[in-house]
Ligand SMILES: *[C@@H]1O[C@H](CO)[C@@H](O)[C@H](O)[C@H]1NC(C)=O
Ligand SMILES: *[C@@H]1O[C@H](CO)[C@@H](O)[C@H](O)[C@H]1NC(C)=O
């Protein structure tokens with residue numbers, strides 16, 4: 001008998017059945033893809049796509065934690081009166097007025113306040129937990145200012161003194177100068193410090 005004709009190892013009948021099934025499946029897939037794509041394009045041209053914002057409003061609003069700051073402290077009056085405090089930066093180094101310049105240190109005074117007035121300006125008012133933190137903020141500011149204006153001769157811009165009000169919700173004041181001492185009848189509320197560094201150490 002004649003040997004059976006085979007295509008790709010399959011009988012002719014089986015080959016055609018498989019081929020037709022494959023064609024139907026592939027045609028269906030292509031038709032679905034094209035149709036779906038057209039439908040999607042029509043939909044996007046006729047109606048704007050709705051963008052769903054998954055952020056909840058609370059996630060974009062910073063939470064506000066209320067509460068009055070506790071009274072700032074100092075290193076311990078009257079013991080620290082007339083003593084020196086040398087502020088350090090975050091790496092534990094003394095804070096020079098400029099790189100290569102004099103180290104800033106401060107003399108602390110209990111029961112002392114220099115209110116703003118003629119010749120004295122409060123350049124900044126900020127909450128600091130202690131007189132010593134206040135002094136450090138002052139020294140860091142001075143160093144930044146002097147470094148930025150190196151050669152510019154702005155010695156008048158530095159903070160020469162700080163005064164601290166030791167009451168709940170009160171502040172540290174950075175001042176361009178000392179002035180007339182006045183504790184406004186409440187000496188126990190005030191501690192202050194003066195920058196001890198003469199101008200001849202400044203490198204301009
Ligand atoms: C702090 O020291 C200064 C200078 O020695 C002095 O005049 C002042 O009375 C002292 N104040 C206190 C509260 O001890
Ligand atoms: C501090 O500021 C006051 C007011 O602006 C000014 O009169 C005074 O000269 C300043 N003092 C220093 C030492 O810069």
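Quick note: the coordinates plus some simple rules give every number you see, no bench work behind them. All of these numbers come straight from a predicted model, not from anything done at the bench. Backbone-built Cβ (ideal geometry, glycine too); neighbour counts: all protein chains shown.
Annotations
- Listed by Cβ neighbour count within 10 Å, with the fewest neighbours leading, 127, 109 appear as 127, 109.
- Prolate/oblate/rounded label for the stretch 75-144 (Cα gyration tensor, a/c 1.5): oblate
- Residues 16, 114, arranged from fewest to most other Cβ atoms within 10 angstrom of their Cβ, appear as 16, 114.
- Temperature 10 °C, viscosity 1.306 mPa s: under these conditions the Stokes-Einstein estimate for the stretch 68-199, based on its Kirkwood radius over C-alpha pairs, is 108 µm² per second.
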